[in-house]
Amino acid sequence: MKTRSILSHYKGRYFGVTDPIQRLNLDYSAAVMEPYYPHGIVDDVVYQVDAIRLCDATATELYSSYTPLDVQYERGSRPMLEEVVAEQTHEAMSEREKLLALLWFVRDLPDQPREIPDDFGGGTEEQVIQKSDNYCGEQARLMAHLAQIAGLPARLVVHYLNFLPDGALCDGHALTEVYVEGGWAYADIRGIVIEWPDGHLASTYDLMMFPEIIENQPDHVVAQIRAGYDLAGTRSRFVSPRNINAISNYLISQADRYDYTTVPHPPGWREAYREMRERTLAEYRERFRRLVGLG
């Protein structure tokens, strides 16, 4: 009972946040994401409604009993995803090798030819593959379910948008944690994993507690990062002290509880969305400046 009470306090939308600047960050995130992922569809539910803030008060439970380690999956229920797992992995691989093979598949998905138009947001993981998606939240969902089909427990991590002291905005990001070698491993769908000096993989909470390890990575880790991304960005944008990080279970055995309705992006939608986002950013940046005494 006590555990459920602790987690529920940090669950959903505001995640128990009282700091006015962090609440402003969350308000801005909600304002710009709602047109992209309206309330109730899968991406809204897993990244906001169901997500639990990762902090000192929740870390012990989130890294013990929160996510089941016994993967429940009915063979044959997701044939397209099973085919990907079969193509990218084999039984002789170690857990880490399977994790990396699937991560690299998702990393490189935007480079693959589209099978269907990418004129919508959301949808099933199969549709994410077919439209060669490069949106992190949808790619992270795909990675989580591929890993589970491969027998690896996996869940979602979200780093929320974060205003920096000078008013600059660090974009948010979504990725996965995958349970391998007896622990949870931070697995960014841009191809980033983080190793401790002894070689074992670090979790999201590890990076929050010891961010100095992020940029001190061996060449074989750096070589697998997708072009345009780097470890300095991971440290400064996603695990900065003011940032809000949250974890969400996304179990393939419970996929039927989610609404996978797609959000159409008709001609002109992206341009209108970009203009709305710029207007909203200007409004919230001014609110931020007033909060920190820069206005």
Vicinal HN-Hα couplings computed from phi for segment 107-122 (Karplus, 6.51 cos²θ - 1.76 cosθ + 1.60; Hz; Gly/Pro x): 3, 8, 4, x, 8, 8, x, 6, 9, 9, x, 9, 8, 7, x, x
Those residues of segment 234-257 whose amide nitrogen sits under 12 Å from the label point placed on Ile6, 7 Å along Cα→Cβ: none
Neighbour-count ranking [beta-carbon atoms within 10 angstrom, fewest first] of Ser248, Ser240, Ser65, Ser29: Ser65, Ser240, Ser29, Ser248
Lys/Arg +1, Asp/Glu -1 at C-beta; segment 2-291 dipole; positive extreme among His9, Met143, Ala232: His9
Exposure proxy ranking, count of Cβ atoms within 10 Å, fewest first, for Val180, Val49: Val49, Val180
Sum of side-chain charges, Ile149 neighbourhood, beta-carbon under 11 Å (Lys, Arg +1; Asp, Glu -1): -1
Per-residue HN-Hα couplings for segment 275-283 [Karplus 6.51, -1.76, 1.60; θ = phi - 60°; Hz; x = Gly/Pro]: 5, 4, 5, 5, 5, 5, 4, 4, 5
Of Asp230, Asp27, Asp256, the one that fluctuates the most in a GNM where the chain has Cα springs shorter than 10 Å: Asp256
Net charge of Cβ neighbours under 12 Å - reference Asp230; Lys, Arg +1; Asp, Glu -1: +2
Cα-based shape type of segment 47-197, given that a ≥ b ≥ c are square roots of the gyration tensor eigenvalues and the cut on a/c is 1.5: oblate
Max mean-square fluctuation residue, GNM over the chain, Cα-Cα springs under 10 Å, options Ala144, Ala187, Ala202: Ala202
Charge dipole of segment 170-229 about the Cα centre (unit charges at C-beta), most positive-ward option of Val222, Ser203, Gly183: Val222
Neighbour-count order for Val292, Val193, fewest beta carbons within 10 angstrom listed first: Val292, Val193
Charged-residue dipole, Cβ positions (Lys, Arg, Asp, Glu), the chain about Cα centre, Debye nearest 20: 1100 debye
MRE, 222 nm, helices only [DSSP H, n ≥ 4, -39500 (n - 2.57), over the chain, to nearest 500]: -10500 deg cm²/dmol
For segment 2-291: relative contact order, % (alpha-carbon pairs under 8 angstrom, 6 or more apart): 24 percent
Positive minus negative residues near Tyr14 (Lys, Arg vs Asp, Glu; Cβ under 10 Å): +3
Gly121 long-range amide H proximity, modeled H, under 5 Å: Val263, His265
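Values quoted throughout were computed directly from the atomic coordinates according to the rules given, and no laboratory measurement underlies them. Since the model is a prediction, treat every value here as computed from it, not as a measurement. So basically every Cβ, Gly included, is an ideal-geometry build from the backbone, and we count neighbours across all protein chains shown.
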